[in-house]
Amino acid sequence: MHTDKGFAQSGRFRAPVVHGMFYASMFGAIVSKRHPGAVYASQSLDFKRPVMLGDTVTATVTLLSIGPSGRILHFQTVCSNQRGEIVLSGDARVMLPKRPKHGEGATQQTSVCSASQTCDSNPACSVS
């Protein structure tokens, strides 16, 4: 289904689709770029529609809340295609590393981050 054209033609989408974990992994890349050392505690994924080869996917991570300690962050996570259609939605919780007392925790300033990726047949694609 994901790489075999012949098999995919007989399936639901009639063409190979991009594996959902490929574009779902963009969330972790965004969080780790913005918050080095953060550890994922959980991630929910609700796949809404297929992503086809050649589609451009934009992943957006929006801060929803910060736990009382300032170290637990709750994010809304959404991927959309080049037509603005939501292809994946969910939420994530991450734990920030301990910081010295004077600069501990996150602030609401870290609200929205995004990255785009064109999904092609190159398995070495990276988030830009």
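On full extension of the chain, what length is gained from Gln9 through Met95, given 0.36 nm per residue of separation minus the C-alpha to C-alpha distance?
Values: separation 86, 0.36 × 86 = 30.96 nm, distance 4.25 nm.
Gain in length upon complete extension: 26.7 nm.
Dividing the Cα radius of gyration by the Kirkwood radius, what Rg/Rh value follows for region 16-59?
Details: Rg = 12.1 Å, Rh = 11.9 Å.
The Rg/Rh ratio comes out at 1.02.
Using a cut-off of 14 Å between beta-carbons, work out the net charge of the residues near Phe27 (Lys and Arg +1, Asp and Glu -1, Phe27 not included).
Numbers: positive: Lys33, Arg34, Arg93; negative: Asp46, Asp91.
So the surrounding residues net to +1.
Which ³J(HN,Hα) values, rounded to whole Hz and listed in residue order, are derived for region 19-34 from phi using the Karplus coefficients 6.51, -1.76 and 1.60 in 6.51 cos²θ - 1.76 cosθ + 1.60 with θ = phi - 60°, glycine and proline given as x?
4, x, 5, 4, 7, 5, 5, 5, 4, x, 5, 5, 4, 5, 5, 7
Taking θ as phi - 60°, what are the ³J(HN,Hα) couplings along region 80-94 by the Karplus curve (6.51, -1.76, 1.60), each to the nearest whole Hz, with x for Gly and Pro?
So the J values, rounded to whole Hz, are 10, 8, 5, 9, x, 7, 6, 9, 7, 9, x, 8, 9, 10, 10.
May I ask you to work out the translational diffusion coefficient for region 1-104 at 4 °C, viscosity 1.567 mPa s, via Stokes-Einstein with Rh from the Kirkwood sum over Cα pairs, reported in whole µm²/s? Don't skip to the answer; put the middle values down first.
Working: Rh = 15.2 Å.
Translational diffusion coefficient: 85 µm²/s.
Every number in this text was worked out from the coordinates using simple rules, so none of it is lab data. Not measured: the values here are computed from a predicted model. FYI the Cβ positions are ideal-geometry reconstructions off the backbone, even for glycines, and counts take in every protein chain you see.
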